[in-house]
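Step one of this worksheet: look at the structure below.
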Amino acid sequence: MADLPRPFRRFLKRFPEVEKAHMDLSLTVNRQGPLGERDRRLVRLGIAIGQQSRGAVKSHARRALDEGITADELRHAALLALPTAGFPAMVAALEWIEEVLEEA
C-alpha cells in the first residue's frame, strides 16, 4: 500500500466502501467483453491521456510496465493521442510516461 499515491491512500482510508464498490464495478466491466488485460490497460491509458489526468496516466503506465507492456508501446500509445486529444495532451502524456520510466 505504501507504493500507492498518497491521494489514493487517503481515499481508501476515508471511503473503503466506495472503493470496494468501485473495484466490484471494475471487475464486472472487465468481464463484459473480449479484451484481455493488456488491451484494457492500453485503452485505460488512452482515456487517461484524453482526460489529461497526470495521476491516471502515471498509474496506468506503472501498471502497464508491471504487466509487460514496453516503454516503446507506452510512448506509442501517447503518440496515438495526437490526432484526437491534441498536441498539448500528447506531449504532457509523453512527459508523464517518461517520469514513470525514470522511476522504474
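The values are calculated or read from the model by the stated rules, or taken from the named source; none is laboratory data. These numbers come from a predicted model, not from an experiment. FYI the Cβ positions are ideal-geometry reconstructions off the backbone, even for glycines, and counts take in every protein chain you see. Accessible surface areas use protein heavy atoms only, side chains included; no ligands, DNA or RNA. Shrake-Rupley method; radii C 1.70, N 1.55, O 1.52, S 1.80 Å.
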Output the number of residues of the range 57-79 satisfying the condition of being farther than 16 Å from residue 103 by Cβ and in contact with a helix residue (DSSP H, G or I) (Cβ under 7 Å, 6 or more places away or on another chain).
4
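Collect the residues in the range 53-81 that are open to solvent by 70 Å² or more (accessible area, probe 1.4 Å) and free of Cβ contacts under 8 Å to residues at least 24 places away in the same chain, keeping them in residue-number order.
If we filter the range 53-81 for residues that are open to solvent by 70 Å² or more (accessible area, probe 1.4 Å), which is where we start, we get 54, 62-63, 66-67, 72, 75-76, 79-80.
63, 66, 72, 75, 76, 79 - these are the residues of the range 53-81 that are open to solvent by 70 Å² or more (accessible area, probe 1.4 Å) and free of Cβ contacts under 8 Å to residues at least 24 places away in the same chain.
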For the range 1-37, the count of residues that are over 16 Å from the mean Cα position of the chain (by Cα), under 21 Å from residue 53 (Cβ atoms) and open to solvent by less than 70 Å² (accessible area, probe 1.4 Å) equals 4
Search result, residues across the range 82-95 that are part of a helix (DSSP H, G or I) and of a type in the set (Gly, Ala, Ser):
85, 89, 92, 93
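Within the range 95-103, is even one residue among the aromatic types (Phe, Trp, Tyr) and open to solvent by less than 60 Å² (accessible area, probe 1.4 Å)? Spell out how you get there, then give the answer.
From the range 95-103, those among the aromatic types (Phe, Trp, Tyr) are 96; that's our starting set.
Among the residues that remain, those that are also open to solvent by less than 60 Å² (accessible area, probe 1.4 Å) are: 96.
Checked against the condition, which is being among the aromatic types (Phe, Trp, Tyr) and open to solvent by less than 60 Å² (accessible area, probe 1.4 Å), the range 95-103 yields at least one hit.
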